[in-house]
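In what follows, a structure is listed as structure tokens, so that the remarks can point back to it.
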Amino acid sequence: MIEKSTVTVIGGGLAGVEATWQLLRLGCRVKLYEMRSKVTTPAHKTSDLAELVCSNSFKSLDPNIASGQLKNEMTAFQSLILQAANIAKVPADKALAVDRKVFSQELMKTLSDHPNFTLLREEVKDIPSEKDLSDRNEYIVLATGPLTSESLSHSLSNLIGDEKHLAFYDAIAPIVDCDSIDMNACFWGNRHDENGADYLNIALNKEEYLSFVKNIIEAKKTPLHSFEKIKYFESCLPLEVLAERGVDTLRFGPLKPKGFTDPRTGVMAYANIQLRREDKRKAMLSFVGFQTKMTWPEQKRVFSSLPGLKNLEFFRYGSVHRNTYLPSPKLLADDFSFLTNRRVFPAGQIVGVEGYLESASIGLLVGQIIAGKINQRKFQLPPQETVLGALSHYVLKGSTGEFSPMNANWGLVPFSAPKKMKKNEKRALQSSQVQSSFTSYLKACCL
Ligand SMILES: Cc1cc2nc3c(=O)[nH]c(=O)nc-3n(C[C@H](O)[C@H](O)[C@H](O)COP(=O)(O)OP(=O)(O)OC[C@H]3O[C@@H](n4cnc5c(N)ncnc54)[C@H](O)[C@@H]3O)c2cc1C
């Protein structure tokens, strides 16, 4: 009979929910504190658990892409985030995109049906000392994310030593009303599947593209606090930052035309804008890669100038928010607990990963680690030759440069390719090696 111990999870986001689920399924009791409904953040709009604050996509399902392989690895641990995403999924070519409402409802239902689960709608303001936690034989998962509440941030500063936490900026893409788009000027299609029709595309000719780039550069932007140094996450850059890097940067980035012809001319488009479905009904569409800090009136003006978007209606405008993360390699022990408080385990984006799936994956590992301590069955982290292992290695050990948030990518996984191999073949080889390392790990440690 497994002992039932209570673990406190602070934060009902992607990481907190996944950690909770792993703890529950390994026989622990969980008290989950989520402040929303009473206190909100600058990005969340609902009180739903694991609210997806921006895009509704969990990225690629392709195992030859690191985030696809990460899904395989998380699925082996019965990830709740992925179970719910699969139930809530909407068509999105090779990506796993979800109806966000259905997604959160599924999570909520599974957790609330569990007899060992308690949800408290409260803001946690303090982190107890290691001694107090030891006396109570309690563990804490700190999964409060990039928008950790102010009071708790102060308590965290005290725990890690003042001013050691860092800040950067993230931007959100707008969501628009599908019915407000003139479908005669757009077409449905997928980049990787000529018969697919998951994305709405707007092909641009050279003149339209150049005018769009000029409009973006000239548009008014939302001012940020002058005392805060801007430090964007490189793979989620605002449109205007990309536009300012060079006239072609956008059409080699989110507006790349590869895979699409312009229906007006029958030849490859000069640039191609994509909109992804946000819900099962196809009422809402989000612009792919259009995170922006243009002011709301300017977003209306600039986007409405595009073909077919003259009457564009917005459900949500794009915006920019501050994020917080820890310099984890300096602060955390090998089991993800704080060196200064071995009973507190940060998880999710706050440890220096970036993305819904990556955050959930750290929640998964931390849930397993704590359950292992409670059940006296030490959990072995996956090796660096897997995506889960490579991400945790990055968080715990860092890299040569300045520590900054990281998403799942093949660059983190040690691999040496035979010379003169094509990129696709290299990825396929790496992916099969990673899968076999993961299978061996599972056999040795977890089955
Ligand atoms: C503006 C913005 C846009 C983003 N866009 C994307 C995107 O498009 N795609 C992507 O993959 N990732 C995106 N991210 C990153 C993404 O939000 C995170 O990777 C992911 O949500 C982090 O998961 P988490 O569980 O660590 O934190 P969250 O999901 O943010 O969950 C933290 C939870 O803790 C709660 N909380 C905070 N403080 C307290 C407290 N004191 N007491 C109790 N509860 C508390 C919050 O209300 C929240 O529910 C974005 C982040 C931001 C800020």
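Please tell me if GLY318 is farther than 22 Å from ALA390 by Cβ and buried (at least 23 other Cβ atoms within 10 Å of the Cβ).
yes
Could you count how many residues in region 131-156 are within 11 Å of the ligand (Cβ to nearest atom) and not in a helix (DSSP H, G or I)?
Looking only at that region, the number is 9.
Test THR340 against the criterion of being among the hydroxyl-bearing types (Ser, Thr, Tyr), at pLDDT below 95 and within 22 Å of ASN137 (Cβ to Cβ), and give yes or no.
When the stated conditions are applied, THR340 passes them.
Have a look at LYS280, LYS330 and point out the one that is over 26 Å from LYS443 (Cβ atoms), modelled with pLDDT under 95 and outside the structural domain of ASP182 (by TED's automatic domain parsing).
The conditions single out LYS330.
Of these, LEU119, LEU32, which one is in contact (Cβ under 8 Å) with a residue 40 or more places away in the chain, in the same structural domain as ILE369 (by TED's automatic domain parsing), over 30 Å from LEU275 (Cα atoms) and touching an Asp or Glu at 6+ places or on another chain (Cβ under 8 Å)?
Answer to the check: LEU119.
Every residue in region 272-313 that is among the hydrophobic types (A, V, I, L, M, F, W, C) and touching a helix residue (DSSP H, G or I) at 6+ places or on another chain (Cβ under 7 Å), please.
ALA283, MET284, LEU285, PHE290, MET294, VAL302, LEU306, LEU309, LEU312
Looking at region 301-315, is at least one residue over 30 Å from LEU210 (Cα atoms), over 21 Å from the mean Cα position of the chain (by Cα) and surrounded by fewer than 17 Cβ atoms within 10 Å (Cβ to Cβ)?
For region 301-315, residues over 30 Å from LEU210 (Cα atoms), over 21 Å from the mean Cα position of the chain (by Cα) and surrounded by fewer than 17 Cβ atoms within 10 Å (Cβ to Cβ): absent.
Which of the residues that make up region 11-57 are out of contact with any helix residue (DSSP H, G or I) (no Cβ under 7 Å at 6 or more places or on another chain) and among the β-branched types (Val, Ile, Thr)?
Correct list: VAL39, THR40, THR41, THR46, VAL53.
If you take the residues of region 3-18 that are within 14 Å of the ligand (Cβ to nearest atom) and assigned to a loop (DSSP other than H, G, I, E, B), which of them is farthest from GLN78 (Cα to Cα)?
GLY11
Can you go through LEU250, LEU275 and tell me which one is touching a residue at least 24 places away in the same chain (Cβ under 8 Å), crowded, with 20+ Cβ neighbours inside 10 Å and within 21 Å of the chain's Cα centre (by Cα)?
After applying the criteria, what remains is LEU275.
Which condition breaks for SER149 when tested against (1) modelled with pLDDT under 95; (2) among the polar types (S, T, N, Q); (3) surrounded by fewer than 16 Cβ atoms within 10 Å (Cβ to Cβ)?
(3)
The values are calculated or read from the model by the stated rules, or taken from the named source; none is laboratory data. Just so it is clear, the model here is predicted, and its values are computed rather than measured. Don't worry about glycine lacking a Cβ; one is built from the backbone with ideal geometry, like all the others, and counts go over all protein chains shown.
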